[in-house]
Every structure is written in C-alpha cells, then in structure tokens.
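Okay, so here's the structure we're looking at.
The values are calculated or read from the model by the stated rules, or taken from the named source; none is laboratory data. Because the structure is predicted, anything quoted here is derived from the model rather than measured. Reconstructed Cβ throughout: ideal geometry from the backbone, glycine too, with neighbour counts over all protein chains shown. Each accessible area value is taken on the protein alone, full model and side chains, heavy atoms only, with ligands, DNA and RNA left out. Shrake-Rupley method; radii C 1.70, N 1.55, O 1.52, S 1.80 Å.
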Amino acid sequence: MAEPIDIEPDVGSGSLPSICCAADRTYGAGAVAPGLSEDAPGAATTDPATYGIHWVDELYETARYHWRFPDSGFVQPSPFTEDLQGFYASIATQNCPASGLVRLADAVLAGSVLYANAATDPAIVYETYRPNDRAAVQIATRDLILNADRTRFTDPAWRCLFIGSAGSFNYGHWLVDDLPRLRAVMALMQHDDRPVRVVIHSYGDAIDSVRIDSIRTFLDSSIHIDLVDRSIPYHFVELYYATPVTRHPVQKSPVAIDFAVRQTLARIAVDAAPLTGPTLLFVDRAAQHGRTLSNHADVLRLVEQRGFTVVDPASLSFVEQVRLFSGAQVVIGQMGAAMTNTMFCRPSTTVIYLAPSGWIEPFYWDLAVVRGQYYRVLYGDVADPTVPAHRSDFSIVPAALQMALDAL
C-alpha cells in the first residue's frame, strides 16, 4: 500500500488540459454548461477517445424545469427576502445535461478529481473539476499523478466504478449528487458479466457508515464496496464513471432524483413493513453542527403542542431516515444536510425551512421544486452579525411560525 501523500491546494489547472467525457451526448438540447468554453477551452470539442474516454450508456436524459417561487413562500417578508426573490427569479430556468456512464483507460483518481491518459499526457476530467466544485477540490501535480498507487486496483476480473464528487463528505450532497449515479451499476451489469467494485472515498466513520448503508439499500447487500483514502492517488487500468446529475446549488436532474427516490423506496419496501410513520415532523439539529436556534426550547414547545414529532436524523440509520421522511405530510427543520431527506417525501408535502437572515441558499428551494413539494421558509435574526450568516446561530419569532402552522 502506498504511503498517504498530500495533494497540493487548488491553484487552477495549470498546464493540465481539461476534457469533457462526452460533451456531444451530455450537453445537448441547450444544456451546455454556462461558460464552459471560456472556463476550459477545448474541453467540449476535443474527442475524448484521444484521452482514452469512451461512452458506454446513457443513465439519465437531458431535462429542463422552471422555478416559480410560491406566493407565500416567505413566511415573514422583509427587505432581505424581496432582494432574494429577485435573485431567484434571475436563475429560475434550469437545463440539466444528460448523465452518462463512461469508461476511462489509464485513469488516476486523486481526491475527487479524475485524470485521463494518466501515464503519458494527463488531462483533467472536466466533470470532476467544474467551477462550482472547485471550492472543495484539489488539483494534483503531474508527479503525483504519475506516481499514483498502481497496486490496489489491478485485478482484471473486476470492473471498478467511482462514485463521488466534491461534496461527498456531506450527507445532503451524497443523496442528490451521488446516490442517483449508482444506476451505473445496473447499466454495467447489462454490458459485462464481471462483478463491480464501487469505489468511494472515506470521510470518517459516521458518514462512511450511512453512505455504505445507502449503497447496499439502493443496490444489494452483497455489493462490493472499496473505501479508499482520499489523500492517496490511485491508478486504474480501466475505470468507469457516471457523469454528474447536479450542479450545486441550483440544478438537480428531476429524472435522476426521481429514479433515486423510487429505487430506494422500492428496495426498502421489499424487505420491510409498509412505509408508515408520523405525518408531522420537526427535524432537530444538534448544537455541535452550528447554526442552531437560540430559542430552541420555545420552538420545540410550539411544534410539540401542534402535534409534531421531534427527530434527530443523525441518530438514525439510512433506512430509518428514509422510512421516516417518506410518510411525512409536513416537515419543519433548520436548513442543513439532514433536511435533504425531504427528497424522500411525497410530492405535495409541505416543507418549512428555518434559516438565519442573510443566508442566500437556493439549494432547498430547488430540491422542493424538483420533488413537487410546497416550499416555505422563515428567516430569523442572526445572533452574531460579524460572522457569515450561514455560520451564525439565529432565533425565529414563534408567532411567525405559529402563523405558518395556522396556514396549514
């Protein structure tokens, strides 16, 4: 096993070119990534086959959807929400590229970034190094790519599939960015009899456990999973990869999210009791995660009086979380990764988010749009205006939440 090595912080792609896996197939029908030609000249026009990248199958077709913010989406309008609504209106139409399964020959995985043609003239696989991902990714030097671990993934009896992204360390991003791409395993089974090794990075016991549970739930308990060290570059003679189905924070392929939900619910229902549970949920957020409610006790007292069941998803398994949210009719909770479980709620579910004023976060509205749910948000005053809003504790006006509940 190679020793762990540091990957240098992202300072741009330097001399390494970028290449799209299959621009003609994935970015068709008006879904070309904004600014792609300026961001990575030649990435969309170069033949990927010259870098050992070959199309295998389409996983999800291109899709288009349009946001319309609900008239009463802001529980308590303010100058901030007026500006926010104008901003949201400016980014309301989304064109989602198709997602495809591709095969890379002579590839290196370093961090969450893939490199094609690694042994001779490495090129960055653009889909793993998009502008929206770069705050959380790192670029490897040519030396690190050339000296990647060449011992771990050498058995030709297996096919290796990398499932991961810049946000895989976060439960919410794993659900929307990565879980739908497990469909690639099903596609691989139709092309080759060899078993599949699902390759994912390790980020710690808690998140690793829930991601492994989700993979086994989505596919089969016997699926082979390779948990690898994200600080070590790995070389693959042959590596399969599913191109993205999302672009953070405002684009999620409806067809991909819908398939992921249906597949997960179907798999759970096979071996478990019917999906039932409380219809009114309040999703609590542990203080150690930050962005907590300063008047937490007052809010809990109010929702409990209205018949809500208070839950902390962090204490539940993946299956338990899915079962819980799938039966809900109304969900209230603070913006955070746990609330991404609302993707498993039924269409028409009312979702009420609590958030600090000043935080511009369209991720959850976009998720509600894609899932056909009724979105409302209540912003509260931040406890510390000297820190970024999304990191500050905050309080909400109980009477405003009471008004939102009365409207139900």
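Brief remarks follow.
- Three-way shape label, the chain, alpha-carbon gyration tensor, a/c 1.5: prolate
- For the range 329-408: rounded, prolate or oblate by the Cα gyration tensor [a/c cutoff 1.5]: oblate
- Counting DSSP beta bridges with both ends in the range 300-408, the antiparallel % (nearest 5): 15 percent
- When peptides 334-344, 316-326 are sorted by average Cβ neighbour count within 10 Å, with the highest value leading, the order is 334-344, 316-326.
- Heavy-atom accessible surface of the range 265-390: percent carbon and sulfur, 1.4 Å: 53 percent
- Surface per residue (accessible, 1.4 Å probe) for the chain, Å²: 41 Å²
- An oblate overall shape is assigned to the range 150-243, the ratio a/c of its alpha-carbon gyration tensor axes (a ≥ b ≥ c) being 1.5 or greater and a/b not exceeding b/c.
- Calculated [θ] (222 nm, deg cm²/dmol) that DSSP helices of n ≥ 4 give over the chain, each run adding -39,500 (n - 2.57): -7000 deg cm²/dmol
- Carbon + sulfur, % of accessible area of the range 12-159 - ligands and nucleic acids excluded, 1.4 Å: 50 percent
- DSSP finds beta bridges in the chain, and of those with both partners inside it, around 45 percent are antiparallel.
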